[in-house]
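What follows is one structure encoded as C-alpha cells, with my remarks underneath.
The values are calculated or read from the model by the stated rules, or taken from the named source; none is laboratory data. Quick caveat: nothing in here was measured; it's all calculated off a predicted structure. Here the Cβ positions follow ideal geometry from the backbone for every residue, glycine too, while neighbour counts run over all protein chains shown. These accessible areas exclude ligands, DNA and RNA; they are computed on the full protein's heavy atoms, side chains included. Shrake-Rupley method; radii C 1.70, N 1.55, O 1.52, S 1.80 Å.
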Amino acid sequence: LDGVRCPYNAEEYRGIGLFVKGSGRVELAVQTVGTFGSEFGGMCREESEVCWDAHRKVVALAPEWTYKEIEWDSLSQAGWGKDVPFDARAMMGFTFIVQPPQLPVEFWLDEIRFLPRVED
C-alpha cells in the first residue's frame, strides 16, 4: 500500500549510462539504504542522524545529445549528512538534482541503463 521498501541489488553493474542534452549541469544522486530514512525503509534514523546525503556525481550538459557513463566508484556524498560507504547491493533509487544557481534549467534524458561489469 505504501510502495516497495526494499533495496535493489545493482552489484553486478559498474554504474549507469545515459544520453543527456541541455544547458548547465545536473547531479545524479543515488540513494542507498544507509542514507535513506528509516521511515521509508532505510537504515538512517532521522531522529538522531542527518539522512538523505546521497552519493552523487555532477553531470555537465551540452546542447547536443551526449552519452555519459557514471560509475559507482565516481560517486561521493556532499558531506553534510551521515557518512556511509556506497553499497551497490542496497540501492533505493536515483534522482536528478538541479541546484538553485543552475536554475532555470531544461534538460532531457534518454536510454538510461545499468552498465555491465567489464571482465579483466
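If you compute log10 I(q)/I(0) by the Debye sum over Cα atoms at q = 0.09, 0.19, 0.20 Å⁻¹ for the structure shown, which of (1) -0.21, -1.06, -1.18; (2) -0.27, -1.07, -1.14; (3) -0.37, -1.08, -1.13 do you land on?
(2)
Report in % the part of the accessible area of the chain that belongs to carbon and sulfur, leaving out ligands and nucleic acids; probe 1.4 Å.
The nonpolar share, carbon plus sulfur, comes to 53 percent.
In debye, nearest 20, what is the charge dipole magnitude of the range 33-80 about its Cα centre with +1 on Lys and Arg Cβ and -1 on Asp and Glu Cβ, if you could check?
The dipole magnitude comes to about 120 debye.
Keeping all protein chains in place, calculate the accessible area per residue for the chain (probe 1.4 angstrom), answer in Å². Write down the numbers at each step before the final one.
Details: 7410 Å² over 120 residues.
Averaged over the residues of the chain, the accessible area is 62 Å².
Taking C-beta distances below 4.7 angstrom as the pairing criterion, name the unpartnered cysteines of the chain, in sequence order.
Taking the Cβ cut-off of 4.7 Å, the unpaired cysteines of the chain are Cys6.
Picking from Gly34, Tyr8, Phe107, whose Cα lies most toward the positive end of the charge dipole for the chain (charges on Cβ: Lys, Arg +1; Asp, Glu -1)?
Value computed over the given set: Phe107.
At a 10 angstrom cut-off on C-beta neighbours, averaged per residue, how do the peptides 28-37, 85-94 rank from highest to lowest?
Ranking, from highest mean packing down: 28-37, 85-94.
Counting DSSP beta bridges with both partners in the chain, what percentage is antiparallel, nearest 5?
That works out to approximately 95 percent antiparallel.
Can you work out the Karplus-derived ³J(HN,Hα) for every residue in the range 17-31? Use 6.51 cos²θ - 1.76 cosθ + 1.60 with θ = phi - 60°, whole Hz, and x for glycine or proline.
Result, ordered by residue: x, 6, 9, 10, 7, x, 10, x, 8, 10, 10, 8, 10, 10, 7 Hz.
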